[in-house]
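S.K.: Let me begin by handing over the structure; questions about it come next.
The values are calculated or read from the model by the stated rules, or taken from the named source; none is laboratory data. Since the structure is predicted, the reported quantities are computational estimates derived from the model, not experimental observations. All Cβ positions, even for glycine, are placed from backbone atoms using ideal geometry, and neighbour counts span all protein chains on display.
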């Protein structure tokens, strides 16, 4: 293995490690909401289970979307599963 290939291999594994450890600065509460989303809960169900208002759920969801750089619930769920955020 030459030096250029060795560097690429090291970079690949370093990037893999970063993505699995990156929590996108999600708060504990945001992770909890995301966990409910991955489980298939609706916003109303999340609000009831967490004892918060629907508006608070929407606020958490907005912050999650901003931090994950996604635009929909489906994208957030896929990213959470792919990056093992929950």
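S.K.: Examine segment 51-65 for a residue that is within 13 Å of residue 85 (Cα to Cα) and modelled with pLDDT of 95 or more, and state whether such a residue exists.
M.R.: yes
S.K.: Considering only segment 34-86, how many residues are within 15 Å of residue 24 (Cβ to Cβ), free of Cβ contacts under 8 Å to residues at least 24 places away in the same chain, assigned to a helix (DSSP H, G or I) and touching a helix residue (DSSP H, G or I) at 6+ places or on another chain (Cβ under 7 Å)?
M.R.: Residues in segment 34-86 being within 15 Å of residue 24 (Cβ to Cβ), free of Cβ contacts under 8 Å to residues at least 24 places away in the same chain, assigned to a helix (DSSP H, G or I) and touching a helix residue (DSSP H, G or I) at 6+ places or on another chain (Cβ under 7 Å): 2 in total.
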